[in-house]
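Below: one structure, written as structure tokens.
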Amino acid sequence: MKKRFLLFSLFLSISIFSQEKKLPEGWDKILLEGKTAYMNLITGEVSETFPKKAAKKPEPVVEYDPTIIHKVVKGETLSTIARKYEMSLAQLYRLNSLQDFDSIEIGDEIVIGYQDEKEKTSSNSLIRKESSIKNVSKKKHIVQSGETLYSISRKYKTSIHSIRKTNNLESDNIFIGQVLKIK
């Protein structure tokens, strides 16, 4: 009789164990202060209620920074940067809370505007201006160190006279960072 009882007890405990709910993937059963709890093996989160869904990695938080910046390159001044983005020096000063206006250095990041959350997918005017200037096309040219009107005219297969006329230049003097319109 004892054998039967032991066999029955063993059978009962096996059947109870086999009827226990199976944990979703990524969860493990633990004891927490003497009570059954469940641990998410991916995040380490502990829950006292039986999990219903498989454990997943938390979605990464995407940070949104609406600041549009310009990185200062050799030869640039605040004046050339302001002209490049068709803004006034006063606007540049306000956006950057500058106190010493002559102390920008190569690699400094200058704020040139802010993008609205709504405009995240569509480019705003400052971004369009920046990209059109970066993609030096036959529309605009940024004067680099060592360039002359002659070298620029050869590059775009146009005349010095045409460049001067298009940009209302009174002489052949140009400066680094100056944006020239090219026809």
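Only the coordinates and a few stated rules stand behind these numbers; no lab work does. Source: prediction; values computed, not measured. No Cβ is skipped: glycine too gets one built from the backbone with ideal geometry, and neighbour counts run over all protein chains shown.
Order 170-176, 35-41 from most to least packed using the mean count of other Cβ atoms within 10 Å.
By packing density, highest mean first, the sequence is 35-41, 170-176.
Using each residue's phi in the stretch 46-54, evaluate 6.51 cos²θ - 1.76 cosθ + 1.60 at θ = phi - 60° and report the 3J(HN,Hα) Karplus result to the nearest Hz, with x for Gly and Pro.
Karplus values, whole Hz, x for Gly and Pro: 10, 10, 8, 9, 5, x, 9, 10, 4.
What does the net charge come to around Val72 if you take all other residues with beta carbon closer than 9 Å to its beta carbon, with K and R at +1 and D and E at -1?
-2
Sum up the charges of everything whose Cβ sits under 12 Å from the Cβ of His161, counting Lys and Arg as +1 and Asp and Glu as -1, but leave His161 out.
Numbers: positive: Arg164, Lys165, Lys183; negative: Asp172.
After counting each charged neighbour, the total is +2.
Take Ser103 and Leu89, extend 7 Å from each Cα along the Cα→Cβ direction, and tell me the distance between the two endpoints in nm.
Placing both labels 7 Å beyond Cα along the Cβ direction yields 1.8 nm.
So which of Lys155/Lys181; Lys22/Lys52; Lys29/Lys52; Lys74/Lys157; Lys21/Lys53 end up more than 21 Å apart by C-alpha?
Exceeds cut-off: Lys74/Lys157.
Using θ = phi - 60° and the Karplus curve 6.51 cos²θ - 1.76 cosθ + 1.60, what whole-Hz ³J(HN,Hα) does each residue of the stretch 150-159 get, with Gly and Pro shown as x?
Rounded to whole hertz, the list is 5, 5, 5, 4, 5, 4, 9, 6, 9, 9.
What's the FRET efficiency of Glu33 with Lys57 using the Cβ-Cβ distance as r and R₀ = 30 Å, to the nearest 0.05?
0.60
For Ile69, which sequence-distant residues (separation of 5 or more, or a different chain) have an amide H within less than 5 Å of its own amide H, given hydrogens modelled in the peptide plane?
Ile112
Mark the label point 7 Å from the Cα of Val111 along Cα→Cβ and return the residues of the stretch 55-76 whose backbone N is within less than 14 Å of it.
The answer is 65-70, whose backbone nitrogens lie closer than 14 Å to the label point.
Is the C-alpha gyration tensor of the stretch 140-183 telling us rounded, prolate or oblate? Criteria: a/c under 1.5 is rounded; beyond that, a/b larger than b/c is prolate, otherwise oblate. Please list the in-between numbers first.
Numbers: a/c = 1.40, a/b = 1.16, b/c = 1.21.
Cα axes put the stretch 140-183 in the rounded bin.
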